[in-house]
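The values are calculated or read from the model by the stated rules, or taken from the named source; none is laboratory data. Nothing here was measured: the structure is a model prediction, and the numbers come from that model. For neighbour counting, all protein chains shown are included, and Cβ atoms are generated from backbone atoms with ideal geometry for every residue, glycine included.
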Amino acid sequence: METNIVGLEQRIETLINECRRLTNENRSLKTEQGALLEQKTQLKEKNRLACTRLEKIVEKLRTLEDQ
């Protein structure tokens, strides 16, 4: 009976430790996800600006070509 209780206590302790580890990992992943979403937003904006610049350059080239 005593060994069953000790075994159960050890399993509970293992589960508690695993729960803590997973909580920390989840927190870390959420932080990383937030950073990646911010980076994605910044890259989308840079891409939009680059497309706008490229369109202006193409338009200037067409204007020069027409002259």
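For G34, are the conditions met, namely being surrounded by 10 or more Cβ atoms within 10 Å (Cβ to Cβ) and either modelled with pLDDT under 95 or touching a helix residue (DSSP H, G or I) at 6+ places or on another chain (Cβ under 6 Å) (or both)? Before you say what the answer is, go through the steps one by one.
Details: surrounded by 10 or more Cβ atoms within 10 Å (Cβ to Cβ): yes; either modelled with pLDDT under 95 or touching a helix residue (DSSP H, G or I) at 6+ places or on another chain (Cβ under 6 Å) (or both): no.
Judged against the criteria, G34 is not a match.
Does Q10 count as in a helix (DSSP H, G or I), surrounded by 10 or more Cβ atoms within 10 Å (Cβ to Cβ) and over 29 Å from the mean Cα position of the chain (by Cα)?
yes
For E65, indicate whether it is in a helix (DSSP H, G or I) and surrounded by 10 or more Cβ atoms within 10 Å (Cβ to Cβ).
Against the criterion (in a helix (DSSP H, G or I) and surrounded by 10 or more Cβ atoms within 10 Å (Cβ to Cβ)), E65 does not qualify.
Given the criteria within 15 Å of the chain's Cα centre (by Cα) and β-branched (V, I, T), does T52 qualify?
So T52 fails the test.
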